[in-house]
1. Among (1) surrounded by fewer than 16 Cβ atoms within 10 Å (Cβ to Cβ); (2) of a type in the set (Lys, Arg); (3) within 16 Å of the ligand (Cβ to nearest atom), which single condition is ARG247 missing?
2. Just give me the residues in region 121-161 being farther than 21 Å from ILE187 by Cβ, within 16 Å of the ligand (Cβ to nearest atom) and of a type in the set (Val, Ile, Thr), in sequence order.
3. Got a number for residues in region 210-232 being within 12 Å of the ligand (Cβ to nearest atom) and either outside the structural domain of GLY93 (by TED's automatic domain parsing) or surrounded by fewer than 19 Cβ atoms within 10 Å (Cβ to Cβ) (or both)?
4. Would you pick out the residues in region 324-342 that are in contact (Cβ under 8 Å) with a residue 24 or more places away in the chain and either in contact with a Cys (Cβ under 8 Å, 6 or more places away or on another chain) or more than 16 Å from HIS130 (Cα to Cα) (or both)?
5. Listed residues ARG290, ARG299; which is surrounded by fewer than 20 Cβ atoms within 10 Å (Cβ to Cβ), at negative phi and in contact (Cβ under 8 Å) with a residue 60 or more places away in the chain?
6. Does ALA202 count as within 16 Å of GLY111 (Cβ to Cβ), assigned by TED's automatic domain parsing to the domain that holds PHE102 and in contact with a helix residue (DSSP H, G or I) (Cβ under 9 Å, 6 or more places away or on another chain)?
7. If we scan region 185-195, do we find a residue that is away from the ligand (no atom under 16 Å from the Cβ), over 13 Å from the mean Cα position of the chain (by Cα), aliphatic (A, V, I, L, M) and assigned to a loop (DSSP other than H, G, I, E, B)?
Amino acid sequence: MQIPTDELSQLAEDGLLRSLRPLGPSHLPFVNLGGRELLNFSSNDYLGLSRHPALIEAATKALTDHGTGAASSRLVCGSLTLFHELEEHIAHGKKTEAALTFANGYATAMGTIPALVGKDDTIVLDKLAHACLIDAARLSGATLRVFPHNDLTKLEKLLNSSKGRTLIITESVFSMDGDLCPLAEIIKLKEKTGALLLLDEAHAIGVLGPTGQGLAEELGLQARVDFQMGTFGKALGSAGGYLAASREWIDLLINKARSFIYSTAPPPAQVAANLAALSLLSSQEGMELRSRLLAHCSRLESPTPIVPRIIGENADAIAVSEALLEKGLLIPAIRYPTVPRGTARLRITLSAAHTTTHLDRLLQEI
Ligand SMILES: *Cc1c(COP(=O)(O)O)cnc(C)c1O
């Protein structure tokens with residue numbers, strides 16, 4: 001058979017079939033799904049920046065100045081100064097010598113991790129790490145060792161028995177659980193054993209830290225993280241990925257990261273929006289947006305804007321999500337393989353674009 005009917009029906013039988021729901025023009029905190037306006041508790045636009053006039057203005061100007069596309073990889077036609085400006089701004093915020101940007105966070109992981117380690121090396125990865133970190137770790141050819149989520153004892157054991165260059169990979173805020181990694185303790189272990197650390201701040205940038213740079217900034221540990229990775233697609237409101245590190249590592253990535261070398265540079269308008277978002281982060285307005293978001297988090301007794309409600313079975317999680325949809329709230333059900341089997345859940349995400357009235361409704365309905 002040349003058509004995947006069996007695979008699709010198996011997915012349906014397991015309650016794991018996914019499909020796309022057409023989305024109309026939407027403006028957070030609302031979402032227009034199938035012609036209905038719902039309150040959106042599923043967006044990663046934690047600060048509501050995707051509609052911010054400063055980002056739209058910067059992107060519009062870049063469209064006028066540079067057109068819609070970058071036309072080639074940055075190593076071919078030349079590298080637009082806008083990218084360099086952005087990378088300097090990122091490095092400044094991360095307190096590193098340099099940074100490199102990619103089309104998105106996924107491409108950042110796929111390009112960087114296989115450039116940092118290879119077949120004689122070891123990757124030590126948190127069990128709940130994001131799919132792109134797992135895929136990139138596999139692609140690298142390094143020996144892959146996985147430690148149970150945030151388990152420092154097991155992490156230390158793996159570090160003590162690793163071969164070659166050793167890279168620890170973890171996240172500051174876990175995307176489906178909303179909890180934090182024990183960063184200070186991980187850094188102590190890394191330094192004790194001479195390993196390197198890649199910290200994915202995808203859900204922490206914009207949210208944590210005095211200037212919104214993430215968990216490493218919040219804990220004053222930026223200088224002790226070798227590779228600070230993140231995305232512009234979540235709290236920063238547009239798209240793009242970055243890795244910040246020392247100059248030599250970044251020079252190596254420019255020469256080795258295949259998703260950087262063999263892919264058309266992101267549209268200049270995206271880069272301009274990224275720059276505007278970074279400027280906003282450290283401004284008074286950025287601080288106000290962050291404190292409003294964190295006030296919402298405290299109301300849900302969560303350390304971060306990702307609030308999971310574990311349900312268990314796939315069908316149950318879908319039923320609860322559908323019931324909330326009927327009441328006008330969009331809160332998606334998250335299933336295997338995004339989360340482990342038997343831990344299907346609702347994933348509520350909060351944004352500074354919500355008001356306390358929206359939070360009241362959420363609390364009342366769940
Ligand atoms: C979303 C996410 C990514 C991917 O970033 P994109 O810019 O969306 O490709 C990487 N890591 C983590 C932890 C994420 O949650």
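The values are calculated or read from the model by the stated rules, or taken from the named source; none is laboratory data. The structure presented is a predicted model; accordingly, all values stated were derived computationally and were not measured. Quick reminder, even Gly has a Cβ in these numbers, built from the backbone with ideal geometry, and neighbours come from all protein chains shown.
1. Going through the list (1) surrounded by fewer than 16 Cβ atoms within 10 Å (Cβ to Cβ); (2) of a type in the set (Lys, Arg); (3) within 16 Å of the ligand (Cβ to nearest atom), ARG247 breaks only (3).
2. ILE134
3. Matching residues across region 210-232 total 0.
4. LEU324, LEU325, LYS327, GLY328, LEU329, LEU330, ILE331, PRO332, GLY342
5. Working: ARG290 fails: surrounded by fewer than 20 Cβ atoms within 10 Å (Cβ to Cβ).
It is ARG299.
6. Numbers: within 16 Å of GLY111 (Cβ to Cβ): yes; assigned by TED's automatic domain parsing to the domain that holds PHE102: yes; in contact with a helix residue (DSSP H, G or I) (Cβ under 9 Å, 6 or more places away or on another chain): yes.
Judged against the criteria, ALA202 is a match.
7. Looking only at region 185-195, we keep the residues that are away from the ligand (no atom under 16 Å from the Cβ), and these are 185, 187-195.
If we keep only those that are over 13 Å from the mean Cα position of the chain (by Cα) too, we end up with 185, 187-195.
Narrowing further to those that are aliphatic (A, V, I, L, M): 187, 189, 195.
Of the ones still in play, those that are also assigned to a loop (DSSP other than H, G, I, E, B) are 195.
Yes, some residue in region 185-195 is away from the ligand (no atom under 16 Å from the Cβ), over 13 Å from the mean Cα position of the chain (by Cα), aliphatic (A, V, I, L, M) and assigned to a loop (DSSP other than H, G, I, E, B).
Table: residues versus (1) within 16 Å of the ligand (Cβ to nearest atom); (2) among the basic types (Lys, Arg); (3) closer than 14 Å to ALA276 by Cβ.
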site	(1), (2), (3)
ALA58	no, no, yes
LYS61	no, yes, yes
HIS66	no, no, no
ALA71	no, no, no
VAL76	no, no, no
GLU87	no, no, no
THR101	yes, no, no
TYR106	yes, no, no
VAL117	no, no, no
